[in-house]
Amino acid sequence: MKNILTIFKKEFYRVISDRRLVFTVMLLPGLAIFMMYSLLGNAIGNQISSIQEHRIIMYQEYMPTAFKDMLIANEVKVDIMDLNDSDFDVVKQQIIDGEVDIMIIFPNDFESKILDYATQDNPEILTYYNFTEDYSSSAYNTMYGWLDVYSDEIVKARLDAPEDINPFDMDLDNPYHRLGTEDEASRKGMADLLPMLIIMFLFSGAMSIGPDSIAGEKERGTIATLLVTPIKRSEIAIGKVLSLSLLSLFSATSSFIGIILSLGKLMQSEGNVSIAFTTNEYILLFLVLFATVLVIVGLISNISAYAKTVKEASMLIMPLYFASIAIGMMSMFGGEPSTNPVVYLIPLYSSVNAIIQILVGSVSMATILVMLISSVVYVSILIYMLNRLFQNEKVMFKK
Amino acid sequence: MENLEVINITKTFSLSKKQQRIEKTKTKLKVAVKELSFTAYPGEIYGLLGPNGAGKTTTLRSIATLIKPDTGEIKVGDASTLKDPNGVRAKIGFLTSELKLEEHFSPNYLFTYFARLHGIVEEKIEERKEILFKKFGIDKFSEVKVGELSTGMKQKTSIAISLVHDPDYVIFDEPTNGLDVLTARSVTDYLEELKNAGKVVIVSTHILSVVEKLCDRVGIIIDGEMKVNDTINKVKSLDETGNLENVFFNLVEEAAQLRGEF
Ligand SMILES: Nc1ncnc2c1ncn2[C@@H]1O[C@H](COP(=O)(O)OP(=O)(O)O)[C@@H](O)[C@H]1O
Ligand SMILES: [Mg+2]
């Protein structure tokens, strides 16, 4: 126990007394996430406000003056151009190219048909817009709305009806129309990206210190100095894994804080987003993160013990790193945790699902327990393997 | 104090593909050390002399319990490397060749770290540190990071660390390799001090002058085999000139002929 502590303290001190490592392991993850989310939030915000400020560029043919006047009276941000100065196909191409937002073509007998509605067919209005362009789609929605209002006006005139022709109202006085809470929305938002980011940062945290701590000993030759001391090989293994785990957990915490801080920006709400995690959820999240860190550190440690140099170790870890990011990405678009208990036996994938469970607030204790217990089992196996590697002269003194 | 006995050890390595290419051989197995025996006595310095790749490091690592010979036995006093590796570890001070201490730490920190792993009590650690740091002139640099020390000071720190537990058996692999004359001298002076204190000292080297000046006994090892093993004077007298260099070259040439290289 004393030896484990000695090893632990030295490995820990190695990192926290190194400004460069403190920055990359503990500050960078949080900072990087904060910047990323903030930029993302700003970008979305900018897009929304630029659409709101954009003046619609619209071509029209035979547009009734009544409708035009209605747009002007309501100060709709639209520049109306006449098609007859231009060619239909040219404007169509301009819509495809994103230079024009919308084209609306009324039939030339539109107004007479409206008036003689009893004897004539309904006139058909043709609209053209580009559904792949945000400005154009939004222009279509706007004009659709106004055409709807225009159609109400026409009906009113025909019926000679009072001001309100709507047979019923909807949700005029219903404060609970939008069910679901801001908290839930925020949680869902977090559950999309966070599991992948957590796995990524746990991994890169462990990756920036693990190889040096283990493969580095071989590369420098200090492994011989360490192995001629009469301490147990398992003590070396446990001491190193524990200290690497604690350090990686710091980087996870840092990413977590970064996310909480920047979530507000992403959600486009000024100030604080209300995410109310319960104490239990915090504890569970911590346990899941810690178990995940242990598994990741166990994997990285074994690879580092096997590799001859720090460089070789980093190279060998890469495929595992990409695989784990891929596992994290699986959660990105589903947002629903798996209910299959077998999933919670698969290292890393179990972590992703457990993290989602906690984030969206639908914890199933049984599966989380499966995840935690299986992780402990995996870590024990990994520590045992690491211990065996330290005892293996072929591996330790590879040429 | 008792002798250190290496009894008939053989060690075979299986070669990786890469190694086969480097050593230009097709054989999968490499006998690094073959039926090698020698005895090192208290109050003497034993020199293991041999060209690169002769098997010196393999022999010393076997003594240090870091690798296990395929056959044979090593006795460090009453402890056997096979039956009681921890007993051996407690008695030996081992300096691996080309040791590079972690640059980020100070000599002070590393000394304490390894002393604790050797199970030395705290007061004793400070006592040993004071003596050894003073001896090697590390005391002025004890809080400077290893990375900022000179090559000589780094090596002296490595040596001090390998002797934290005041071992009776001192096993140094190429301890003066790459050192400037002055530092090399202070290292060999210290080895003589250890010898005079009655310890068993074994050094390996490929440098003849080190053996000539320092060692009481020498084993010349070539291609994993012990060619000569005797007191320095007897070994020198193997050539009529009485010159160690001639003896060494004759043996190297003989071995080359055996391999059919000449
Ligand atoms: N771990 C190892 N794996 C494979 N071959 C090795 C290993 N260690 C040493 N050898 C080989 O054994 C021979 C002796 O090596 P070594 O004991 O290091 O020689 P020396 O220290 O005298 O230069 C060399 O040919 C070397 O390539
Ligand atoms: Mg060597």
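Just a few scattered comments:
- Each of the peptides B:158-167, A:15-24 was scored by the mean count of other Cβ atoms within 10 Å over its residues; in descending order, highest first, they stand as B:158-167, A:15-24.
- Taking the DSSP bridge list for chain B and keeping only pairs wholly inside it, about 50 percent are antiparallel.
- Charge dipole (the protein assembly as shown, unit charges on Cβ, about Cα centre) - positive-most of B:Leu15, A:Leu299, A:Tyr129: B:Leu15
- Size of electric dipole in region A:51-165: Cβ of Lys, Arg +1 and of Asp, Glu -1, about Cα centre, debye, nearest 20: 120 debye
- DSSP finds beta bridges in the protein assembly as shown, and of those with both partners inside it, around 45 percent are antiparallel.
- Estimated [θ] at 222 nm from DSSP helical runs (n ≥ 4, -39500 (n - 2.57)) normalised by residues in chain A, nearest 500: -22500 deg cm²/dmol
- Alpha carbon convex hull of region A:172-238, volume per residue in cubic angstrom: 101 Å³
- Across peptide B:97-104, the average count of Cβ atoms from other chains found within 10 Å of a residue's Cβ is 4.
- Screening chain A for whole DSSP H helices with an alpha carbon extent of at least 20 angstrom along the helix axis and a mean Kyte-Doolittle hydropathy of at least 0.0 yields A:2-16, A:28-53, A:182-220, A:233-266, A:279-306, A:310-329, A:365-391.
- Directionally averaged projected area (region B:23-64, Cα convex hull): 3.9 nm².
- Sparse-neighbour loop sites [chymotrypsin sites (Phe, Trp or Tyr not before Pro); region B:137-218; at most 16 other C-beta within 10 Å; DSSP]: none
- Residues with amide H under 5 Å from that of A:Met81, placed H, sequence gap 5 or more: A:Met58, A:Tyr59, A:Gln60
- Peptide A:226-235 shows a mean partner chain C-beta count of 6 within 10 Å per residue C-beta.
- Degrees separating the helix B:107-117 axis from the principal Cα axis of chain B, which is the longest one: 80 degrees
- Value of relative contact order over chain B, rounded to a whole percent, pairs C-alpha under 8 Å and six or more apart: 26 percent
- Range in chain B, longest, excluding exposed GluC sites (Glu not before Pro) [loop by DSSP; at most 11 other beta-carbon atoms within 10 Å]: B:1-142
- Among beta bridges from DSSP that stay inside region A:51-165, the antiparallel ones total about 30%.
- The trypsin sites (Lys or Arg not before Pro) found in region A:73-117 that occupy coil by DSSP, while having at most 14 further C-beta atoms within 10 Å, are A:Lys77.
- Under Karplus coefficients 6.51, -1.76 and 1.60, residue-wise ³J(HN,Hα) of region B:51-58 in Hz, glycine/proline x: x, 4, x, 6, x, 5, 4, 4
- Kirkwood Rh and Cα Rg combined as Rg/Rh, chain B: 0.98
- The trypsin sites (Lys or Arg not before Pro) of region B:170-262 that meet both conditions, a loop assignment by DSSP and at most 14 other Cβ atoms within 10 Å of the site Cβ, are B:Arg259.
- Per residue of peptide B:55-68, the mean number of Cβ atoms on other chains within 10 Å of the residue Cβ is 2.
- Semi-axis lengths (Å, descending) of the ellipsoid that matches the C-alpha gyration tensor of chain A: 64, 23, 17
- In region B:66-200, Cα pairs under 8 Å separated by at least six residues give a relative contact order of 32 percent.
- Expressed as a whole percent, the accessible area of region B:1-121 that falls on carbon and sulfur atoms is 49 (1.4 Å probe).
- Over region B:108-218, the fraction of Cα-Cα pairs per 10 Å bin, rounded to whole percents and listed from the shortest bin up, is 13, 46, 33, 8, 0.
- For region A:86-195, the extents of the C-alpha atoms along the principal axes are 62, 44, 18 Å, listed from largest to smallest.
The values are calculated or read from the model by the stated rules, or taken from the named source; none is laboratory data. Quick caveat, the model's predicted, so the values are computed rather than measured. Note that we place each Cβ from the backbone using ideal geometry, even for glycine, and neighbour counts take in every protein chain shown. SASA here: full protein model, heavy atoms, side chains in, ligands and nucleic acids out. Shrake-Rupley method; radii C 1.70, N 1.55, O 1.52, S 1.80 Å.
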